[in-house]
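What follows is one structure encoded as structure tokens, with my remarks underneath.
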2 protein chains.
Amino acid sequence: MSQIRIIEVKENILANNDQQAQKLRESLRQQHTFLLNLMSSPGSGKTTLILKTIELLRDKLRIGVMEADIDSAVDAEKIAAVGIPAIQLRTGGLCHLDCAMTSQGLAELGPEIFDLIIIENVGNLVCPAEFDTGAVKNAMILSVPEGDDKPLKYPLMFSTCDALLINKIDYLTIADFDIEAVKKRVYALNSKIKIFEVSAKTGQGMEAWCDWLYQEVLAWSEA
Amino acid sequence: MSQIRIIEVKENILANNDQQAQKLRESLRQQHTFLLNLMSSPGSGKTTLILKTIELLRDKLRIGVMEADIDSAVDAEKIAAVGIPAIQLRTGGLCHLDCAMTSQGLAELGPEIFDLIIIENVGNLVCPAEFDTGAVKNAMILSVPEGDDKPLKYPLMFSTCDALLINKIDYLTIADFDIEAVKKRVYALNSKIKIFEVSAKTGQGMEAWCDWLYQEVLAWSEA
């Protein structure tokens, strides 16, 4: 669809990504804009979860979305189709977003008119965990079909996030997935993480997640 | 388990990875050893698929396995538990294997005593596609719960592989997944790729995959 703005983002050539990310957060605070960085493996349900979050929060918050992908604009098209401002960040083969790339996207979107901007990061459980995008909070999805051993194998991602969404719980009937074992493994890495059990497809558990996110956005805008 | 050898592999500091990979293939040919590089997202079922492949081919081929992971040795333990030589390559945070890392693993395993060595690459649909490991053939798994849009979003991986295993077809009953659309998207990127529809868990479709792999191993050893 021609209305999707596609931004070919460029990697940060400066070494101080963390410092720039800190500056970006300060400027977002002045604009009362909350930036959420959502990460996961490919196919965990990031876009579906964003669409459901929009449905539940669009009457209360002004929401924008930045979709990062190596190629294609299919996700941004899905967001735009429900009438929410969305841009596609194309990383040109790169496996993650850094703060410079996020800033390029924000400049296009215009952060000041939004209460909440959601970044859908590149589908990857490894590299995105290493780069501070400047987001206020980091959330990740682990979907049930991926298996309950993922915290053992990708510990940095679980350590980095403020919230974990265990998605596709409607698959629990046919998957070998021990949800209590996952929680134990995740809390061992990160005792402060908030864990939500959801099915973005059926809507199950989505209100608790949206309540948490809404409270975080409010707290940020009042800080 | 203490019997698992864990190798902390180091990245190639030389620029000519492709050239080294070509050399590695030549030496594998002289040793009549076939090296298969298996890639996918986290949780697509790589380890389960390797275990089923071992079950079907262990009477005909001498098989070894190299498990690559950022952390943990859980996969190598599962392989060793069925009595197959396995080592764990720990990438120390790195999101892919290159040829130097593969070579370090092979040196530990001793390639000359195997007909088939399978690399389980780091769970990642992006970075592993960019690095030639020296494998004779590259295969990838796309699992049904990941969704049918993945060829649009991770085109390099689908372009690079000789074989695609569409795994977890036992999930087709509850997933929104158009298998014919996937095939069309994949063939548009890579007309020569072999596609197998399997469930590594139930065994469905695994014989066709193992027949293909067995023929490839034979052709390599006779070349």
(message) I'd like the distance between the alpha-carbon centres of region B:183-223 and region B:118-158, rounded to an integer number of Å.
(response) 14
(request) Treat every Asp and Glu Cβ in the protein assembly as shown as -1 and every Lys and Arg Cβ as +1, leave all other atoms uncharged, and give the resulting dipole magnitude about the Cα centre to the nearest 20 debye. (result) 0
(message) Run the simple label-point estimate for B:Ala219 and A:Gln30 please: 7 Å along Cα→C-beta, distance reported in nm.
(response) 6.3
(request) Based solely on C-alpha atoms, express the radius of gyration and the Dmax of region A:168-223 in angstrom. (result) 14.0, 45
(request) Compute the acute angle (0 to 90°) between the alpha-carbon long axis of helix A:179-189 and the principal axis of greatest extent of the alpha-carbon atoms of chain A; round to the nearest 10°. (result) 50
(request) Name the cysteines of chain A that stand alone by the Cβ rule: no other cysteine Cβ under 4.7 angstrom. (result) A:Cys99, A:Cys161, A:Cys210
(request) Label chain B by shape, choosing from rounded, prolate and oblate, from the square roots a ≥ b ≥ c of the eigenvalues of the Cα gyration tensor; if a/c is under 1.5 it is rounded, and otherwise prolate applies when a/b is larger than b/c, oblate when it is not. (result) rounded
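Top to bottom by accessible area (1.4 Å), largest first, where do B:Thr160, A:Thr47 land?
Largest accessible area first, the residues go B:Thr160, A:Thr47.
Loop only per DSSP, at most 13 neighbouring Cβ atoms within 10 Å: give me the trypsin sites (Lys or Arg not before Pro) in region A:1-109, ordered by residue number.
On the way: sites: A:Arg5, A:Lys10, A:Lys23, A:Arg25, A:Arg29, A:Lys46, A:Lys52, A:Arg58, A:Lys60, A:Arg62, A:Lys78, A:Arg90; in loops: A:Lys10, A:Arg58, A:Lys60, A:Arg62.
Sparse-neighbourhood loop trypsin sites (Lys or Arg not before Pro): A:Lys10, A:Lys60.
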(request) Using R₀ = 45 Å, calculate the FRET efficiency as 1/(1 + (r/R₀)^6) where r is the Cβ-Cβ separation of B:Val82 and A:Lys192; round to 0.05. (result) 0.70
(message) Compute the helix-to-body angle for A:46-57: its Cα long axis versus the longest principal axis of chain A, expressed 0 to 90° and rounded to tens.
(response) 80
(message) I need the calculated FRET efficiency for the pair A:Asp211 and A:Asp178, taking r as the beta carbon distance and R₀ as 30 Å, to the nearest 0.05.
(response) 0.70
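Give me the inter-chain shielding for B:167-177: mean count of other chain Cβ atoms within 10 Å, whole number please.
Per residue, the number of nearby Cβ atoms from other chains is 2 on average.
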(request) Please determine, in degrees from 0 to 90 and to the nearest 10, the orientation of helix A:206-222 with respect to the longest principal axis defined by the Cα atoms of chain A, where the helix direction is its Cα long axis. (result) 40
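The values are calculated or read from the model by the stated rules, or taken from the named source; none is laboratory data. Fair warning: this is a prediction, and the values are worked out from it, not measured in the lab. Virtual Cβ from ideal backbone geometry, glycine too; neighbours counted across all protein chains shown. Please note that ligands, DNA and RNA were not included when accessible areas were found on the heavy atoms of the full protein model with its side chains. Shrake-Rupley method; radii C 1.70, N 1.55, O 1.52, S 1.80 Å.
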